[in-house]
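The values are calculated or read from the model by the stated rules, or taken from the named source; none is laboratory data. Being a predicted model, the structure only gives us computed values, none of them experimental. Cβ coordinates were reconstructed from backbone atoms using ideal geometry, including for glycine residues, and neighbour counts include every protein chain displayed. Accessible surface is based on the protein model in full, side chains and every heavy atom, while ligands, DNA and RNA are left aside. Shrake-Rupley method; radii C 1.70, N 1.55, O 1.52, S 1.80 Å.
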Amino acid sequence: MLNKHARGFFTALFSPLARWLLRIGVSPDAVTIVGTAGVVVGALVFYPLGQLWWGTLFITAFIFSDVIDGIMARMQERGGRWGNFLDSTLDRVADGALFAGVAIWFFTGGADTPIAIAAVVCLVLGMVVSYARAKAEALGYHANVGVAERAERLVSVLVVTGLTGVGLPTVVLFATLCLLGLASFVTVVQRIAAVHRQSLEENQDTATEQAA
């Protein structure tokens, strides 16, 4: 949902930067890799040290690489399968690092096991959300449905985690993670249902063709 509504705004905002990076010889793949590395460092270095605010600022500085590399690829008319594969794979790495960093801190110095467990649940369900769509598309189905797509999950956890670092009660973070986990679970169910519906329609079409 957020992806669809924000895409035009961020494309206009980051197009000059994307154009400049291409002009100096930076490739979309390089932006993808550096952006992911920045998110991983912010999540797995700052967060486990309890630096939730500074970690969030650091991650935010790199998170928009996911938008910039796409703009660069479109400018170069290089929307190929390799770039799509690299981008999707490294997105999973970044997402996993983000929730893992939150979980590590609250399992250790943060001393809040419910938050840590909720973060692990979000990590696992987030991966299943992505896998369900990827597997569906590999089988020829469409599963681009659901209430908890990647943009919503990232924005929610980053904003609330960062504010927790400057005094927001931890119960707000716990509630946010619980809602994200629930939304991710619902999204998995929605995607399974969508593929099942398409499978039934496919079987009905096949049966009709055979009967004819």
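Within segment 150-178, the set of residues being at pLDDT 95 or above and either more than 18 Å from PHE106 (Cα to Cα) or among the polar types (S, T, N, Q) (or both) comprises THR161, THR164, THR170, THR176. The single residue among ALA73, ALA94, ALA12 that is over 15 Å from LEU154 (Cβ atoms), touching an Asp or Glu at 6+ places or on another chain (Cβ under 9 Å) and of a type in the set (Gly, Ala, Ser) turns out to be ALA73. When segment 137-156 is filtered for residues that are part of a helix (DSSP H, G or I) and in contact (Cβ under 8 Å) with a residue 24 or more places away in the chain, the ones remaining, listed by number, are ARG150, ALA151, GLU152, ARG153, LEU154, VAL155, SER156. Considering only residues that are open to solvent by 40 Å² or more (accessible area, probe 1.4 Å) and within 21 Å of the chain's Cα centre (by Cα), look in segment 157-169 and name the one that is farthest from SER184 (Cα to Cα). Within segment 157-169, the match that is farthest from SER184 (Cα to Cα) is LEU163. From the list LEU44, LEU98, LEU22, the one residue that fits, being more than 18 Å from the chain's Cα centre (by Cα) and either touching a residue at least 24 places away in the same chain (Cβ under 8 Å) or under 19 Å from THR164 (Cβ atoms) (or both), is LEU22.
Here are THR187, THR161: which of them is within 19 Å of GLN51 (Cβ to Cβ), out of contact with any Lys or Arg (no Cβ under 6 Å at 6 or more places or on another chain), assigned to a helix (DSSP H, G or I) and not aliphatic (A, V, I, L, M)? Among THR187, THR161, only THR161 is within 19 Å of GLN51 (Cβ to Cβ), out of contact with any Lys or Arg (no Cβ under 6 Å at 6 or more places or on another chain), assigned to a helix (DSSP H, G or I) and not aliphatic (A, V, I, L, M). Among residues of segment 101-126 that are within 17 Å of GLN51 (Cα to Cα) and of a type outside the set (S, T, N, Q), those with a beta-carbon under 9 Å from a residue that is open to solvent by less than 50 Å² (accessible area, probe 1.4 Å) and not in a helix (DSSP H, G or I) at least six positions away or on a different chain give the pairs VAL102/GLY110; ILE104/GLY110; TRP105/GLY50; TRP105/ASP112; PHE106/ASP112; GLY109/GLY50; GLY110/GLY50; ALA116/GLY110. Out of contact with any Lys or Arg (no Cβ under 6 Å at 6 or more places or on another chain), of a type in the set (S, T, N, Q) and within 19 Å of GLN51 (Cα to Cα) - does that describe any residue in segment 142-158? Yes.
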